[in-house]
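Report on the structure given below.
The values are calculated or read from the model by the stated rules, or taken from the named source; none is laboratory data. In this text, all values refer to a predicted model and were calculated from it rather than measured experimentally. Ideal geometry is used to build each Cβ from the backbone, glycine not excepted, and the neighbour counts take in all protein chains shown.
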Amino acid sequence: MLDRDGFRPNVGIVLLNQKNQVFWGKRIRTHSWQFPQGGIDRGETPEQAMVRELHEEVGLLREHIRIVARTRDWLRYEVPDRFIRRDSRGFYKGQKQIWFLLQLVGHDWDLNLRATNHPEFDAWRWNDYWVPLEAVVEFKREVYVTALTELSRYLPRNEHRNRFLRQGLRTAEAEQMCADIPEARFELPPGATFEPDPHTGNSHA
């Protein structure tokens, strides 16, 4: 389903955990990382498409997430000809997307990359909100920057940090107390693998 300009309607998903880290998925059998995304089917609203794609790509249900915000307008990117099937060249131009900012209210183990028989990702991890764009295919980078910038104003506050600051502790003391909180341990969700963080070499789910 294309619009008159040759763009396919699509949704993009930025999924947050309680630390304001984002779900970062590795496309199956590639070295590219990206956010979940997918096309809007005929008759669907963007929100309905988002809920469907969320389940198809990462196994989550509507009850597992809270919708925090969405982009106001469509964000577009053009796909280079070398990435377009020959029978689609000449009339397919790219994607136009509505982006959603979601917060996970379920658990990490609710994530399942094998929720369908056509998985999009073969590994995932939690990443800092400002994701490393060098890991994203080049023609999507500008849309990622625009979406993340617009949605960043709606990021939930860090509850640990705010609680300490409200009690009148100095910033340095609050940061040290937050650093002393042990990192949560959890079982690897179905379909996920451990991937090293490209910046630190540490492994995260």
Open item on the list: Can you say whether I98 is surrounded by 19 or more Cβ atoms within 10 Å (Cβ to Cβ), under 15 Å from R8 (Cα atoms), in contact (Cβ under 8 Å) with a residue 24 or more places away in the chain and under 16 Å from the mean Cα position of the chain (by Cα), as far as the supplied structure shows?
Closed with: yes
Task: Test: residue in the stretch 51-64 that is closer than 22 Å to E142 by Cβ, surrounded by 20 or more Cβ atoms within 10 Å (Cβ to Cβ) and modelled with pLDDT of 95 or more - done: yes
Open item on the list: Going through G25, G43 one at a time, which residue ends up being of a type in the set (G, A, S), buried (at least 18 other Cβ atoms within 10 Å of the Cβ) and either over 19 Å from L75 (Cβ atoms) or under 13 Å from the mean Cα position of the chain (by Cα) (or both)?
Closed with: G25
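Can you spot a residue in the stretch 16-34 that is of a type in the set (D, E, K, R) and either over 24 Å from A123 (Cα atoms) or without any contact (Cβ under 8 Å) to a residue 40 or more places away in the chain (or both)?
Let us first name the residues in the stretch 16-34 that are of a type in the set (D, E, K, R), namely 19, 26-27, 29.
Pick out the ones that are also either over 24 Å from A123 (Cα atoms) or without any contact (Cβ under 8 Å) to a residue 40 or more places away in the chain (or both) and you get none.
Looking through the stretch 16-34, none of the residues is of a type in the set (D, E, K, R) and either over 24 Å from A123 (Cα atoms) or without any contact (Cβ under 8 Å) to a residue 40 or more places away in the chain (or both).
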Open item on the list: Exactly one condition in (1) under 30 Å from R157 (Cβ atoms); (2) in contact with an Asp or Glu (Cβ under 6 Å, 6 or more places away or on another chain); (3) among the aliphatic types (A, V, I, L, M) is false for I28; which is it?
Closed with: (1)
TODO: Being under 23 Å from the mean Cα position of the chain (by Cα), hydrophobic (A, V, I, L, M, F, W, C) and not in a helix (DSSP H, G or I) is the filter; apply it to the stretch 65-93 and report the residue that is surrounded by the fewest Cβ atoms within 10 Å (Cβ to Cβ).
DONE: I67
TODO: Could you list all residues from the stretch 104-114 that are outside any strand (DSSP E or B), within 11 Å of L61 (Cα to Cα) and of a type outside the set (D, E)?
DONE: V105, G106, L111, N112
